[in-house]
Every structure is written in C-alpha cells, then in structure tokens.
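> I have a structure here, written as structure tokens, and I will follow up with some questions on it.
The values are calculated or read from the model by the stated rules, or taken from the named source; none is laboratory data. Treat the numbers as computed from the prediction; the structure is a model and nothing was measured. Here the Cβ positions follow ideal geometry from the backbone for every residue, glycine too, while neighbour counts run over all protein chains shown. These area figures cover heavy atoms from the full protein model, side chains too; ligands, DNA and RNA do not enter into them. Shrake-Rupley method; radii C 1.70, N 1.55, O 1.52, S 1.80 Å.
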Amino acid sequence: MAADSDLHTADLDTILDRYARNPNALLQVLREVQELHGYIRPAAISHIGVMLGVPRARVEGVAGFYSFLHLQPHGEYRVLFSDNITDRMQGSQALMEQMCQQLWLQPGKVSEDGLVSINTTSCTGMCDQGPAMLVNGRAITRLTHQRVQEIGSLIRNRTPLSDWPEDFFRVEDNIRRKGPLLDNAIAPGDVLRAALSLSVRPELVEGHRGPTSSPRTEVGAGIVDAIKASGLRGRGGAGFPTGMKWEACRNAAGEARHVVCNADEGEPGTFKDRVLLTSCADLLFEGMTLCALATGARHGYLYLRGEYRYLLERLESALQRRRNTNLLGKNILGQPGFDFDIVIHIGAGAYICGEESALIESLEGKRGVPRNRPPFPVTHGYLQQPTAVDNVETFCSAALAMQMGAEKYRAIGTPKSSGSKLISVSGDCPRPGIYEYPFGVSVRQVLQDCGAVNTRAVQVSGPSGACVAESEFDRKLGFEDLPTAGAFMVFDDSRDLFEVARNFVHFFAHESCGFCTPCRVGTALLKKTMDKIAAGLGTQYDLAEIEHLDHVLQTSSHCGLGRTACNPVLHTLKHFRPAYENRLKSLVFSPAFDLDGALARARQMTGRDDAGAHLKAEGA
Ligand SMILES: Cc1cc2nc3c(=O)[nH]c(=O)nc-3n(C[C@H](O)[C@H](O)[C@H](O)COP(=O)(O)O)c2cc1C
Ligand code: SF4
C-alpha cells in the first residue's frame, strides 16, 4: 500500500478522465481510486475534489457514507464475513473466530503489519450457498473450517487473489424450479420487435398519444397499455403497478428521461436478482430498453450492488453484444430516433441505496440519503428529470409479459398479483435456491418443495417483511395476502426466534442512514433493548417500550427502513412470546443504561467503594 506522499495524480487523472470529470461520477471515481490504492488517501480526496469542482467536505462525506469505502488503511486483504442470520445458522461466527485466531487478529482491527483486517458485513446475497465472505470485494461461498484455514494461509503467504483456487469464487445459480420467466426462450431483440409491431395495432394506441404524436410515441403508448393490461406489479417490494409508473414517466414534463434498474438487492435473504443478472441479463436489458421505448428515455443505468461486482465484466459483455447487434445505441433495430444505452454503476455497501430515491442520490455521486417524496422519481428523478426506477425482476417480467401478450400473462397468478414470482429460499432446508411459482402459492407448498421439515417459522420478504408461524403456513404469497420481494428464510424447531429477530434488529441499526432522528435513535434503542433482553436483564417494561418505539418509528421515520424496523420484533413477539418472556429478569423496570456500573471508574479513581459511593438501589 503506497504512502500518501507517493500519490501519482496521473493515475487519478486517468480514472477522472474516464468519467469525463463529471461530479455525478464521484462515487464511481472513489471506488476505482480505492481499488488502485487500497484506501482513499487524504491527498487523493483533495485532488478529486479540485478536479471535479466539488468541496473536499463533500468528497469526504460521500467516502464516509459507504461501508466499502475507506479513508484509513484496512489491510492488503480485507475479509468481511457475511452476517445474515442464515450465515450464522451455517456457522459463520465460529469460522470468523477461527480465522481471527489463525491470523492473530481481533475483529475490526488491522493487523500490525498492515496485512489483513477481519470484520462482518450485512447479508452478501449468497444465503443459498453460505456461509459466505468477501475478500477485497470478491465473494467466496460455501465456507468450511478447511476452506477458512486455506484462505488464512493464502493471506499469510500474500498470495494474490488472482492465484487463489477458482472454485472458491464459484457462485451457483441453484435454480430449483422454473416457470415462464426462467424457462423463457426469448432471443435478444424478440421483445423489442414485438413492441415495435404495436404501431400497426391502432386499437392499443387509440387515445394514448404522447405529447408529440409520431409512430414512436404511438408505440410507447401501446407498450404502456400492454403492460397495464398485463397487471404487472413491481417486484422490488412495494408492488406498484409497472404500467402506471411507465405512463407517469412518459407523460411527465421535460425532454430528458431515464430508466434505472434497481439491482441493489440488499434485503437479507434475497438473491433472486443475482441469479437473473447471471442467467437472464439479456432479458433484463431487453426489459429496460422496452421501458425506454415506452417512456422516451435515452439513458439507462444499472445500479449493481457492490457485493455483485464480480458480475460486472459479464454484464458489460452482454451490453457490448447488444450494441454490436443494434439492440442498444442509435436507431435501435433501424428505428430512426430510437436511441438508448445503459451504463453500470456499482454501489459500495449501503442497504439504504435500494430505496429508490436514495439510489438516485447515489447515482448522482452523493450520500445515499432518501429524498422527500413527493415529488416522485417519475417526475423528478435522476438529475431532477423524469425517471422510471424498477427492480431487476420487474424489467425481466415486463419483457416476458410483452412477449407473451397481456392476456396470457394475466392468466398466470391471482387477480391482484399477475404472473410469476421468484422466491429465494434459504435456511433450514435441504434444497435452498431459486423457485419460480405463479403468485398465490402457499407457504406450505414452498416448504414442501424445498424439503423443509419441522419448520417453526418462515421469514417472508426479509427482515422488513413478515414472520409466519406454522398456523399460517396456508397463507399465500401475493399482494392479496403475503406480499414479498422474494426472500423466504426457513427456521426449524431448533431455532430461537428471539435470536433471529435480534439479528434483524442489529441489521437495521447498522444500515440506518442516520438522516432522521426517529430512525437513527430508534433503531439504536431497539438494538440496545434486544441486547439487554438477551443478557437476561430485560423486563416487561422493555416489551411495552418496543411497542412504543414501533409507534414512533412508524409515524415519524423518513423512509421505509425506519417504518419497518420493529417488524421482526413485533412479529416474533406475536407468535413466539415465550422466547422473550423466558429471558425476562423480573416484572419491574430496569433501565437499559447501568448508571451505577458507569460510576465504577470514578469509584476506582477516588479509591471509594462504600455504600455512599453507590447509587441507592430502589427500595433500599
Ligand atoms: C430501505 C429500502 C430498501 C429497498 N431495497 C430495494 C432493493 O434492494 N431492490 C429493489 O428493487 N427495491 C428496493 N426497495 C424498493 C424501492 O424503493 C422501489 O420501490 C423499487 O425499486 C421500485 O421498483 P419496482 O416497482 O420494480 O418494485 C427498497 C425500499 C426501501 C424502503
Ligand atoms: S428512516 Fe432511517 S434510513 Fe430512512 S432516512 Fe431516516 S434515518 Fe435514513
């Protein structure tokens, strides 16, 4: 790792030039500078600020926001163990301890020789093949004691990552059940050709002409109508009707428009976008291009979570193939004025950037803090211009719906949840992986298919979703009953649901962006309260306090993270209250902060330990 004084500004300028010294590219520049130097040095911050024309404080603020960016050296090898509950269930904590012992290191510290640091990170999206870790950003799956031992030795010998066994980095798709989406036989360009043929179907465009009527705007209106008629709803969690979103973006005032694909996939337990990006990249880009045709956008962005950086080269190749075959670029498929291209933007370890307005901030090279809404991205999105933000699976499903035809697509699933859904199954089952079902499948059916037995509970749609107990296994996945972005974590009867909820609460406290006080303080208090109960110091008062916190967070948080942060506790309390009550100390109040304990140092310094130097116990 080079010292600050060795800074070669020419290397930085090469990176800055590649991004045309555009301040919106600040995050990408910082990410690349870190790849070059190992961390972002003070002199680099100054140089980047000057060259991009942004204040040094902003550069530092952005670098400090993202957990994968570092302003201090963090070791030639930066090891991060994935810390989702499913990784823990597969033994990640013991593996991390083993590696710390092998390398004589404490978690969170850099070794004295500057070789390595070891820590945890939020779910890496590899729950079907965990435990997993990231080493210098590269995902390593299927960790065992032997593999961890080998990794420790490779690090000690300073073996470059490029010489590590390829098998360490193998990421499987684990597709267990295919449906119309994963089984599609759509060739690149098929969907766009089908969409362009809409211009000769006037019944679809009647009364839906864009601001300037032309064959292309008529096609756009036809696409919007077809997607609306298919009943497609967003697959990223909120379930907003996709056709309506595209229509609002298309009709918004202004010339420039953008299409953004949300591939941030940070919800613990979700990994279906990873599989679509690996195996269905062309369908995704087809869907994004379809959206561009519908809305009139010329610029597309794929926001890829940092943990999926390993997919970048593959995705870039797919984009290049499409450019070479006139499926991206100018006059796509020979249609004058049909111009559209896609760039990939890589995130840097911030779950909140999955929230669409935070994602747009991040795309603009800022800290990923959610915006005030309204206005919504469809009118004021990227660069305050109309922007359609959709999930990876939504774009793929839109392409499929277009190809199948609205009626056929709508025939799949349920009245309010048309089409199929990819479910990411992980946890206590012999066949974790991706399962595609028509909407309306029961929890019980999924459990049966993945071979789960003695199941105590299923966490549907990640920590912000719902914890479903055995009595509810006949509930159906879909917007009518159990909406889901895709996570399906299985817990058998050996699992302690209190510890599951505690892990989720730690996740929210860690990922809160800190912008608004209710969430920043509320998630920290919730975490402290759960830790207090775990330590056997909780009381009934704490359980009541959690309900009070939930009310505050729900009513005054700025975004969905804060609003749903108490869900894991409330849901597990509802179904598994004894898991909490068995840990409670007594029925009277005990504060989360031990004031008398905090005075111990003062007593030590003054040499006093008599009764007068202690706070009086209640009733004494
Ligand atoms: C805290 C938070 C995290 C989110 N993370 C994601 C995500 O990783 N991927 C995603 O597609 N949507 C995520 N969303 C939802 C997005 O804000 C947005 O609704 C979605 O991208 C819209 O796409 P869709 O209509 O295709 O679902 C998140 C929302 C919140 C509040
Ligand atoms: S609710 Fe939490 S994550 Fe959302 S803006 Fe407020 S602090 Fe940030």
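> Does at least one position in segment 305-322 carry a residue that is farther than 14 Å from Val343 by Cα, in contact with a Cys (Cβ under 6 Å, 6 or more places away or on another chain) and modelled with pLDDT of 95 or more?
no
> Separate question: Applying the selection to segment 537-558, what residues are closer than 20 Å to Glu355 by Cα and touching a residue at least 40 places away in the same chain (Cβ under 8 Å)?
Ser556, Ser557, His558
> Restricting to segment 485-513, give me the number of residues that are open to solvent by less than 10 Å² (accessible area, probe 1.4 Å) and in contact with a strand residue (DSSP E or B) (Cβ under 9 Å, 6 or more places away or on another chain).
Going residue by residue through segment 485-513, those that are open to solvent by less than 10 Å² (accessible area, probe 1.4 Å) are 486-491, 497-498, 500-501, 504-505, 508.
Remaining after also requiring in contact with a strand residue (DSSP E or B) (Cβ under 9 Å, 6 or more places away or on another chain): 486-491, 497, 500-501, 504.
Here the count works out to 10.
> Just give me the residues in segment 534-557 being in contact with a helix residue (DSSP H, G or I) (Cβ under 7 Å, 6 or more places away or on another chain) and farther than 22 Å from Asp594 by Cβ, in sequence order. Let's see the steps before the verdict.
Looking only at segment 534-557, we keep the residues that are in contact with a helix residue (DSSP H, G or I) (Cβ under 7 Å, 6 or more places away or on another chain), and these are 534, 538, 542-543, 545-546, 549-550, 552-554, 556-557.
Hits for segment 534-557 are Asp550, Val552, Leu553, Gln554, Ser556, Ser557.
> Follow-up question, since we're still on this one. Of the residues Gly329, Gly368, Gly405, only one is within 16 Å of ligand 2 (Cβ to nearest atom) and at pLDDT 95 or above; which? Steps first, please.
Working: Gly329 fails: within 16 Å of ligand 2 (Cβ to nearest atom); Gly405 fails: within 16 Å of ligand 2 (Cβ to nearest atom).
Of Gly329, Gly368, Gly405, the one residue that is within 16 Å of ligand 2 (Cβ to nearest atom) and at pLDDT 95 or above is Gly368.
> Follow-up question, since we're still on this one. Do we find a residue being more than 19 Å from the chain's Cα centre (by Cα), of a type in the set (Asp, Glu) and either part of a loop (DSSP other than H, G, I, E, B) or more than 28 Å from Tyr66 (Cβ to Cβ) (or both) anywhere in segment 341-349?
no
> Still on this structure, I have one more. Given the criterion under 23 Å from Ala318 (Cβ atoms), of a type in the set (A, V, I, L, M) and touching a Ser or Thr at 6+ places or on another chain (Cβ under 8 Å), identify the matching residue among Leu143, Leu181. Break it down stepwise before answering.
On the way: Leu143 fails: under 23 Å from Ala318 (Cβ atoms).
From the options Leu143, Leu181, the qualifying one is Leu181.
> Tell me the residue from Gly306, Gly329 that is within 18 Å of the chain's Cα centre (by Cα) and in the same structural domain as Val260 (by TED's automatic domain parsing), please. Steps first, please.
Working: Gly329 fails: within 18 Å of the chain's Cα centre (by Cα).
The match here is Gly306.
> Could you tell me how many of the residues in segment 365-403 are surrounded by 20 or more Cβ atoms within 10 Å (Cβ to Cβ), over 28 Å from Gly64 (Cβ atoms) and more than 10 Å from ligand 1 (Cβ to nearest atom)?
Number satisfying all stated conditions: 8.
> Glu355 versus (1) in contact (Cβ under 8 Å) with a residue 60 or more places away in the chain; (2) farther than 21 Å from Ser461 by Cα: which is the lone unmet condition?
That leaves (2) as the condition not met.
> While we're here: Of the numbered conditions (1) over 16 Å from the mean Cα position of the chain (by Cα); (2) within 15 Å of Cys396 (Cα to Cα); (3) outside any strand (DSSP E or B); (4) among the hydrophobic types (A, V, I, L, M, F, W, C), Val275 satisfies every one except a single condition; which is it?
Result: Val275 fails condition (1) only.
> Take the residues of segment 510-546 that are farther than 25 Å from Asn372 by Cβ and charged (D, E, K, R): which is nearest to ligand 2 (Cβ to nearest atom)?
Lys527
> Follow-up question, since we're still on this one. Can you name every residue in segment 336-358 that is closer than 23 Å to Phe504 by Cβ and within 16 Å of ligand 2 (Cβ to nearest atom)? Lay out the reasoning, then the answer.
Of all residues in segment 336-358, those closer than 23 Å to Phe504 by Cβ come to 347-356, 358.
Within segment 336-358, Gly347, Gly349, Ala350, Tyr351, Ile352, Cys353, Gly354, Glu355, Glu356, Ala358 meet the criteria.
> How about segment 408-455: which of its residues are of a type in the set (Ser, Thr, Tyr), buried (at least 22 other Cβ atoms within 10 Å of the Cβ) and touching a residue at least 60 places away in the same chain (Cβ under 8 Å)? Lay out the reasoning, then the answer.
Within segment 408-455, the first condition is being of a type in the set (Ser, Thr, Tyr), and the residues that meet it are 409, 414, 417-418, 420, 424, 426, 435, 437, 442, 455.
Keeping just the survivors that are buried (at least 22 other Cβ atoms within 10 Å of the Cβ) gives 409, 417-418, 420, 424, 426, 435, 455.
Passing the criteria: Tyr409, Ser417, Ser418, Ser420, Ser424, Ser426, Tyr435.
> Then there's this: Does Ser362 satisfy the criteria of being assigned by TED's automatic domain parsing to the domain that holds Ala229, away from ligand 2 (no atom under 16 Å from the Cβ), surrounded by 24 or more Cβ atoms within 10 Å (Cβ to Cβ) and not in a strand (DSSP E or B)? Break it down into steps so the answer makes sense when it comes.
Working: assigned by TED's automatic domain parsing to the domain that holds Ala229: yes; away from ligand 2 (no atom under 16 Å from the Cβ): no; surrounded by 24 or more Cβ atoms within 10 Å (Cβ to Cβ): yes; not in a strand (DSSP E or B): yes.
No, not satisfied.
> Here are some residues: Asp11, Asp17. Which one is surrounded by fewer than 21 Cβ atoms within 10 Å (Cβ to Cβ), touching a helix residue (DSSP H, G or I) at 6+ places or on another chain (Cβ under 7 Å) and of a type in the set (Asp, Glu)? Explain how you work it out, then say what you get.
Numbers: Asp17 fails: touching a helix residue (DSSP H, G or I) at 6+ places or on another chain (Cβ under 7 Å).
Within the list Asp11, Asp17, the selection yields Asp11.
> Report, ordered by the first and then the second residue, all pairs with beta carbons closer than 8 Å, sequence separation of six or more or different chains, a first member in segment 559-572 that is assigned to a helix (DSSP H, G or I), and a second member that is near ligand 1 (Cβ under 9 Å from one of its atoms) and among the polar types (S, T, N, Q).
Gly560/Ser464; Leu561/Ser464; Thr564/Ser464; Asn567/Ser464
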